[in-house]
Amino acid sequence: MAAQILITMDDLETAVRTNAALEASGLSTAMFSSLDDARGAVRRENPDLVVLTGAVHEAPNVQLAALARDAEISTLALLEPTDSERGERVGRLGVTEVLVKPVHPDEVAATARRLLARRGLQQRTGIIGESSGIQEVLVRIEQMAPVSSTVLIHGESGTGKELVAKALHDLSPRRNNPFIAVNCAAIPDTLLESEIFGHEKGAFTGAAERRLGRFELADTGTIFLDEIGEMAPATQVKLLRVLEARSFFRVGGTQPIKVDVRVIAATNRELRELVSRGEFRDDLYYRLNVLNIHLPALRDRRPDIPLLVRRFIREFARMHDRTFRGIMPEAMQRLVEAPWPGNVRQLRNLIESMVVLAPGTEIRASDIPADVFEGPGILLPARIPAAARDVSGHELEFILRSLVDLRRQIEELRLRLNDHPSRVQVIDIGSQSPVIDLMPEVERPADDEVIYRSGMTMADVEKATIAVALREANGNRRRAAETLGIGERTLYRKIKTYDLER
């Protein structure tokens, strides 16, 4: 079935020429006057693309662009030369792409076809968004999917790195072959090599039979190595050999095994920083970083949040068989303004919980939990302690998160002190400290609280936070690592560093 394109008639001459070019290229078109009802036209024509031929800043076309955006319909705006100089106003339109007149009708048709193909790509992959950052990701997927070169995907946790990896596989010539995902941070160092490369019977205690590794299982397909920055140095060496020679040995094996596998790796850490610190091999980094894709954080593409919210509401309303009308404007605005440290994953989980738990048929501002608006930002002292200067980006994120928790605990203490003003003891800790330590005279901190005191370094704060997490988890290191939001191996290393072993 031919794609349907809705063309506005604000610039009649351009509209007629564009309509003829689109029909000549096999597309179905419909003309639309801005005097008509925009909502009715979108509902009636159900277009796959809207082309704004003129008067793009007039109210009817602004409304049409907004309707199209909310319905996940691509929009192409044909601007007057003077409009192109008003970048901020054009940006507020929220259209998918712009062309500046005079423009040849064949160029409009070619652009329309490209936008339709990209919309089809979004529907196939589930990568939703009209922001420039996401559009750039889609362009790179289109460019990289047909080849077999190694790809490195980097972005914060929860931005959808595995979704991009799966899209690269599904659009490649290997689409009908295996896609094998491995989370390097979830497997202990002692098992990761065996998991990836397999082992022979008797290779180590407990190896009762031969086991194929993930590389063998992914032969002729794609292997996705998530959290590659957590891989141990010894395993990095063996991965480098696979990338160079396309062969490897099972653990305990003597015969090389040849594989034809495309490698896609992902990380939420800055690998170049790890290379400079000697924690990641530079030759492996260059082998992985043949092609790269950066996924923007959700806070950097806020215009996409309403699209994602509406998509998730529809999805979870169907999944949980709930009659759900949507979300109130005030609640949507609050979600758009939230910091989203957990990115799309956090937003998706929140929408599911609200669809299930909301008392009515719409999400209201009062249904949104207060902790959604607690961002990671915190003021740090101008002078960073020497012990913290060598902290990596990933570890610094963990420390900042710990400091945010401390700030929240301090606020709770202040509220409690307000109820007992006569028991307040003011302690002079100097004007240089970034935190005021107010403690009740008779109350002592609970075992599950970390209190910042003057003179503590970031390392001291981190050690105290890890100790509390271990106590809460009754010594279960995996549970403690999940609570802290770091990998198990990172936690093991810090336990040894801070001498917290029991």
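The values are calculated or read from the model by the stated rules, or taken from the named source; none is laboratory data. Predicted, not measured: the structure shown is a model, and the values here were computed from it. No Cβ is skipped: glycine too gets one built from the backbone with ideal geometry, and neighbour counts run over all protein chains shown. Just so you know, the surface numbers come from the protein's heavy atoms only, side chains and all, with ligands and any DNA or RNA stripped out. Shrake-Rupley method; radii C 1.70, N 1.55, O 1.52, S 1.80 Å.
When the range 458-478 is filtered for residues that are open to solvent by less than 80 Å² (accessible area, probe 1.4 Å) and in a loop (DSSP other than H, G, I, E, B), the ones remaining, listed by number, are ALA473, GLY475, ASN476.
Could you please let me know if ALA481 is open to solvent by less than 60 Å² (accessible area, probe 1.4 Å), of a type outside the set (D, E, K, R) and either closer than 15 Å to PRO188 by Cα or in contact with a strand residue (DSSP E or B) (Cβ under 7 Å, 6 or more places away or on another chain) (or both)? Yes; evaluated as a whole, the condition is true for this residue. For the range 185-202, a residue qualifies if it is in contact (Cβ under 8 Å) with a residue 60 or more places away in the chain and aliphatic (A, V, I, L, M), and the qualifying residues are ALA185, ALA186.
The one condition from (1) exposed (fewer than 15 other Cβ atoms within 10 Å of the Cβ); (2) within 30 Å of GLY342 (Cα to Cα) that PRO146 does not meet is (2).
Among the residues of the range 276-301, those that are without any contact (Cβ under 8 Å) to a residue 40 or more places away in the chain and surrounded by fewer than 18 Cβ atoms within 10 Å (Cβ to Cβ) comprise SER276, GLY278, ASP282, TYR286. Among the residues making up the range 57-69, those that are in contact with a Leu (Cβ under 8 Å, 6 or more places away or on another chain) and without any contact (Cβ under 8 Å) to a residue 40 or more places away in the chain are HIS57, PRO60, VAL62, ALA65. Filtered by the rule that a residue be closer than 9 Å to ILE7 by Cα and in a loop (DSSP other than H, G, I, E, B), the range 29-54 gives SER33, THR53. Considering the range 286-316, and only residues there that are under 13 Å from the mean Cα position of the chain (by Cα) and not in a helix (DSSP H, G or I), the residue that is modelled with the lowest pLDDT turns out to be ARG301.
Taken over the range 24-64, the criterion of being among the aliphatic types (A, V, I, L, M), within 14 Å of THR14 (Cβ to Cβ) and buried (at least 22 other Cβ atoms within 10 Å of the Cβ) is satisfied by VAL51, LEU52, VAL56. Just name the residue that is farthest from GLY160 (Cα to Cα) out of those in the range 337-351 that are part of a helix (DSSP H, G or I) and open to solvent by 10 Å² or more (accessible area, probe 1.4 Å). Per the stated criteria, the residue is GLU337.
Scanning the range 200-213 for residues that are open to solvent by less than 60 Å² (accessible area, probe 1.4 Å) and either of a type in the set (Lys, Arg) or modelled with pLDDT of 90 or more (or both) yields no hits at all.
The set of residues from the range 55-97 being at pLDDT below 80 and in contact with a Pro (Cβ under 8 Å, 6 or more places away or on another chain) comprises ASP70, GLY94.
Among the residues of the range 253-276, those identified as more than 24 Å from SER148 (Cα to Cα) and among the polar types (S, T, N, Q) are THR254, GLN255, SER276. With respect to the conditions (1) open to solvent by 60 Å² or more (accessible area, probe 1.4 Å); (2) under 15 Å from LEU288 (Cα atoms), GLY229 lacks only one, and its number is (1). Each residue in the range 304-331 was checked for being open to solvent by less than 90 Å² (accessible area, probe 1.4 Å) and under 21 Å from GLY160 (Cβ atoms), and 12 pass.
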